[in-house]
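Trainee: For reference, the structure I am asking about is given below.
The values are calculated or read from the model by the stated rules, or taken from the named source; none is laboratory data. No experiment lies behind these values; they were computed from the predicted model shown. For neighbour counting, all protein chains shown are included, and Cβ atoms are generated from backbone atoms with ideal geometry for every residue, glycine included.
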Amino acid sequence: MFLADAPNPYLAAPPWLNAGDTAWQLTSATLVGLMSLPGLAILYGGLVKKKWALNSAVMCFYAFSIVLVVWMLWGYNMAFGQGVPGALTNYFAIPKPALDMASETGQASIPMAAAGMPPLHFAGATMIYFQFVFAAITPLLIAGSVLGRMNIKAWMIFVPVWSTIVYSIGAYWIWGGGWLSQLGAVDYSGGYVIHLAAGVSGFVAAAVIGPRLLEDRTDFEPNNLIMAFAGAGILWLGWNGFNGGDPFFANTDAAAAVLNTNIATVFALLVWMFADIFATKKVNAVSMINGMITGLVGITPGAGYVDGWGAIAIGIVCGGVSWMSLNWLGKAKFMQAVDDTFGVIHTHGVAGLAGGLMVGIVANPAMIEYLTSDPKGSPVSVGGLAYGQGFAQLSHQALAALVIIVFDAIMTFIVLKIIGFIVPLRSSDLEIEGGDLAIHGMDPMPIVFPTGKIPTAGGAPAS
């Protein structure tokens, strides 16, 4: 008798579980995970100066790992669990583990989510892992602001602390049914919770830690652009899961979100490319990657709230605004004073802010009918100014952006200052000069002479 023919209660799915929704959520989560590892690790490794290739990858792999520990022990329930009893229930949720059988095998739910949201059709473990990969990628984005000088030991402390008291709380306010969502603010897949947060926190971290050595600031040419493009490609296609998984159902809105993601991305990339041609008469390869990122980030707050026309508008606006921010505002003295290594404040912070505000302008109320509610708990659609819905949604989006900017900036500053009392925030000048060899004791890409020998510290081939 084949196993499939035998009655086996352990193989039966509970009646509430939908195999299609479950498969899509797990696939989406895996796509998002690939954006971090190896996506961002490869992208950073190719864009940094050669001596920092290994360190940037180590920071990515460590952050991804430690966030899962935080997420399972307390972070998930801080973002998507029950609110604390009393007056603070809309602001903070109870931190507790999500490791028991009921959490993993029971039906997934968001206890304080909007009344209009249908019940989820997959297990808690699916939801926990899907939300983990979002939590994990956020500090990896912050790393892009501080590469080339942050002390690896300080980074090891910063990531779990920041993930706990900044990311998880912001996620609860907007995604877990907290006070910003109750006011009407929406963030389809993380334009505010992830990208605006990373841009602001990265900028603050870069200011507190201080700049790279002058030599590195003036000469930080990418060591392998082809590798960087490989990482960027993984990031782009991984974004299909980033935005496509956030309806929580394998439905028409998921398909629209995937298509809209790609529409906005190509328009933003082309805006950057032609803006560079106009400004410098050349096609800038690194700039094309930046343009791609701003499109991906910009569409994230509204991927399932807008139609294709809205996606085009978001791509053009977010690409254009971010290009101007980097190339014009970025040259201002107060901006030059802060050494944001990869300009995360522009590509993620500004793009996330612009995309979130665009939701209040171009969101089509016919696209999705849940995930938000009015003060009485009744489900409402998300409609923008262009569809005759007035300024209400735009004002909600602006308030949420302001809260995330102020809260994240203040908390990141405090966290770093406290860590600075424990370990130095910066690597020593000798470590910064030596890079991977000084910090990790190895060179990931040693120069090999024709003899096949690796050069010694003196420069001559080793015998």
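Trainee: Just to be sure before I move on: is Phe80 farther than 28 Å from Gly231 by Cβ and aromatic (Phe, Trp, Tyr) in the structure I sent?
Mentor: yes
Trainee: Looking at the stretch 29-44, which of its residues are buried (at least 24 other Cβ atoms within 10 Å of the Cβ), touching a Gly at 6+ places or on another chain (Cβ under 8 Å) and closer than 10 Å to Val133 by Cα?
Mentor: Val32, Met35
Trainee: Pairs, please: C-beta under 7 Å, at least 6 apart or cross-chain, first residue within 18 Å of Ala197 (Cβ to Cβ) and modelled with pLDDT of 95 or more and in the stretch 389-403, second among the aliphatic types (A, V, I, L, M) and surrounded by fewer than 19 Cβ atoms within 10 Å (Cβ to Cβ)?
Mentor: Listed pairs, sorted by first residue: His396/Leu183; Leu399/Leu183.
Trainee: Then there's this: Residues Ala254, Ala268: which one is among the hydrophobic types (A, V, I, L, M, F, W, C), under 20 Å from Leu40 (Cα atoms) and in contact (Cβ under 8 Å) with a residue 40 or more places away in the chain? So that I can check it myself, show each step before the final result.
Mentor: Working: Ala254 fails: under 20 Å from Leu40 (Cα atoms).
That would be Ala268, the only listed residue that is among the hydrophobic types (A, V, I, L, M, F, W, C), under 20 Å from Leu40 (Cα atoms) and in contact (Cβ under 8 Å) with a residue 40 or more places away in the chain.
Trainee: Just to be sure, is Ser163 of a type in the set (S, T, N, Q) and in contact with an Asp or Glu (Cβ under 6 Å, 6 or more places away or on another chain)?
Mentor: Answer is no for this residue.
Trainee: Hey, another quick one. Which of the numbered conditions does Gly377 fail, given that it passes all the others? Conditions: (1) surrounded by fewer than 17 Cβ atoms within 10 Å (Cβ to Cβ); (2) modelled with pLDDT of 95 or more.
Mentor: For Gly377, the failing item is (2).
Trainee: Something else about it: Can you tell me how many residues in the stretch 412-423 are assigned to a helix (DSSP H, G or I) and either without any contact (Cβ under 8 Å) to a residue 60 or more places away in the chain or surrounded by fewer than 21 Cβ atoms within 10 Å (Cβ to Cβ) (or both)?
Mentor: Of the residues in the stretch 412-423, 5 are assigned to a helix (DSSP H, G or I) and either without any contact (Cβ under 8 Å) to a residue 60 or more places away in the chain or surrounded by fewer than 21 Cβ atoms within 10 Å (Cβ to Cβ) (or both).
Trainee: Just need a number here: residues in the stretch 285-310 that are touching a Phe, Trp or Tyr at 6+ places or on another chain (Cβ under 8 Å), farther than 22 Å from Gly184 by Cβ and either surrounded by 24 or more Cβ atoms within 10 Å (Cβ to Cβ) or not small (Gly, Ala, Ser) (or both).
Mentor: Step one: list which residues in the stretch 285-310 are touching a Phe, Trp or Tyr at 6+ places or on another chain (Cβ under 8 Å), which gives 285, 287-292, 294-296, 300-305.
Going one step further and asking which of them are farther than 22 Å from Gly184 by Cβ, we end up with 285, 287-292, 294-296.
Adding the requirement that they be either surrounded by 24 or more Cβ atoms within 10 Å (Cβ to Cβ) or not small (Gly, Ala, Ser) (or both) leaves 288-292, 294-296.
Going through the stretch 285-310 one residue at a time, the tally reaches 8.
Trainee: What are the residues in the stretch 147-202 that are under 16 Å from Phe134 (Cβ atoms), outside any loop (DSSP other than H, G, I, E, B) and among the aromatic types (Phe, Trp, Tyr), if any?
Mentor: Across the stretch 147-202, the qualifying residues are Trp162, Tyr167, Tyr172, Trp173, Tyr192.
Trainee: Okay, next question. Tell me, please, whether a residue that is part of a helix (DSSP H, G or I) and touching a Leu at 6+ places or on another chain (Cβ under 7 Å) can be found in the stretch 207-223. Explain how you work it out, then say what you get.
Mentor: So the first thing to find is which residues in the stretch 207-223 are part of a helix (DSSP H, G or I), and the list is 207-209, 214-218.
Filter again for touching a Leu at 6+ places or on another chain (Cβ under 7 Å), leaving 208-209.
Taking every residue of the stretch 207-223 in turn, at least one turns out to be part of a helix (DSSP H, G or I) and touching a Leu at 6+ places or on another chain (Cβ under 7 Å).
Trainee: Of the conditions (1) out of contact with any helix residue (DSSP H, G or I) (no Cβ under 7 Å at 6 or more places or on another chain); (2) free of Cβ contacts under 8 Å to residues at least 60 places away in the same chain, Ile94 clears all except one; give me its number.
Mentor: Going through (1) out of contact with any helix residue (DSSP H, G or I) (no Cβ under 7 Å at 6 or more places or on another chain); (2) free of Cβ contacts under 8 Å to residues at least 60 places away in the same chain one by one, Ile94 breaks only (1).
Trainee: Counting only residues that are assigned to a loop (DSSP other than H, G, I, E, B), at pLDDT 75 or above and either within 21 Å of Ile157 (Cα to Cα) or among the aliphatic types (A, V, I, L, M) (or both), how many does the stretch 424-463 have?
Mentor: Qualifying residue count, the stretch 424-463: 6.
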